Amino acid sequence: MKKQKILILYATRNGATKYCAELLSKKLDTVHEVTLVSTKDALPSPEEFDVVVIASSIRMGKMNKTLKKYIKEHKVALSALPTAVGFCCGLPRLFEEYVETQLPKDLVCSLGHHLFGGELKPEKLHGMDKLFVKMARNSIQTQDFEQSNADLHDLPELLPENVALLADKIKQLALE
Ligand SMILES: Cc1cc2nc3c(=O)[nH]c(=O)nc-3n(C[C@H](O)[C@H](O)[C@H](O)COP(=O)(O)O)c2cc1C
């Protein structure tokens, strides 16, 4: 197995994306060399790595600005590498829409786009974040229950199983 140099970049506001990025890192760092970097720190260039994962939370319909800029600046290098993007969002039914609107159309993510789930837990938050999350929860819980799609009424959760699937995909690369 070839040891891979893996870069995981993440942007989090309330910890959910950090949790997923750390989980991914733990699943890979027993075998591979993982560099886990938050947008609070300087972001290394993708050229120094064999695999890149970019994980962002979604707020007000948008991914993190620093990561969006990073993707734009490094689009060619990222498209040439095995790259994956993961989103944490409180409204997972909009995941495809976020992929569509937040990523450049010509960015190639050969390792795919991944929904890492999300949390809407006002008890963990303060100020405007708390208010927003309370409203988002209420809107989910008061949707028209005549609609047959039960998924619409479920509060979101983190999806560590999707993080594990991405880790397996990356491990598979090392065997090829
Ligand atoms: C102010 C605010 C705005 C948000 N906007 C959205 C949104 O537009 N779409 C969505 O799916 N989730 C939205 N969420 C939910 C977050 O994506 C969810 O809580 C996620 O787990 C946050 O990840 P983080 O803890 O890494 O910041 C929002 C949450 C907050 C607090």
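Rule-based calculations on the coordinates, nothing more; no lab input. Source: prediction; values computed, not measured. All Cβ positions, glycine included, derive from the backbone under ideal geometry; neighbour counts span all protein chains shown.
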Practice problem: Select from Leu43, His114, Gly15 the residue farthest towards the positive end of the dipole of the chain; place +1 on Cβ of Lys and Arg, -1 on Cβ of Asp and Glu, and compute about the Cα centre. | Solution: Leu43
Exercise. Work out, in µm²/s and without decimals, the Stokes-Einstein translational diffusion coefficient of region 14-60 at 37 °C, 0.692 mPa s, Rh from Kirkwood over C-alpha pairs.
Key: 276 µm²/s
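Once the piece of chain linking Glu96 and Arg137 is laid out straight, how much longer is it, given 0.36 nm per residue of separation minus the C-alpha distance between them? Kindly include the intermediate steps, with their values, before the conclusion.
Working: separation 41, 0.36 × 41 = 14.76 nm, distance 2.02 nm.
12.7 nm is the gain from fully extending Glu96 to Arg137.
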Quiz item: Which whole-number percent gives the relative contact order of region 22-83, counting Cα pairs below 8 Å spaced six or more residues apart?
Solution: 33 percent
Exercise. Treating only the Cβ atoms of Lys and Arg (+1) and Asp and Glu (-1) as charged, compute the dipole magnitude of the chain about its Cα centre; round to the nearest 20 debye.
Key: 600 debye
Quiz item: In whole percent, what relative contact order does the chain give with Cα contacts below 8 Å and a gap of six or more residues?
Solution: 23 percent
Quiz prompt | Cut-off under 5 Å, modelled amide H: who pairs with Ala55 long-range | solution = Leu9, Tyr10, Ala11, Gly86
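Over 20 Å between Cα atoms: which of Lys26/Lys68; Lys72/Lys130; Lys2/Lys26; Lys40/Lys65; Lys3/Lys27 fall into that group?
Details: Lys26/Lys68 25 Å; Lys72/Lys130 31 Å; Lys2/Lys26 18 Å; Lys40/Lys65 12 Å; Lys3/Lys27 14 Å.
Beyond 20 Å: Lys26/Lys68; Lys72/Lys130.
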Quiz item: Among Val34, Val76, Val53, Val133, what is the fewest-to-most ranking by other Cβ atoms within 10 Å?
Solution: Val76, Val133, Val34, Val53
Quiz item: So what's the convex hull volume per residue for the Cα atoms of region 1-104, in Å³?
Solution: 104 Å³
Exercise. Tell me, rounded to the nearest percent, the portion of alpha carbon pairs in the chain spaced more than 23 Å apart.
Key: 41 percent
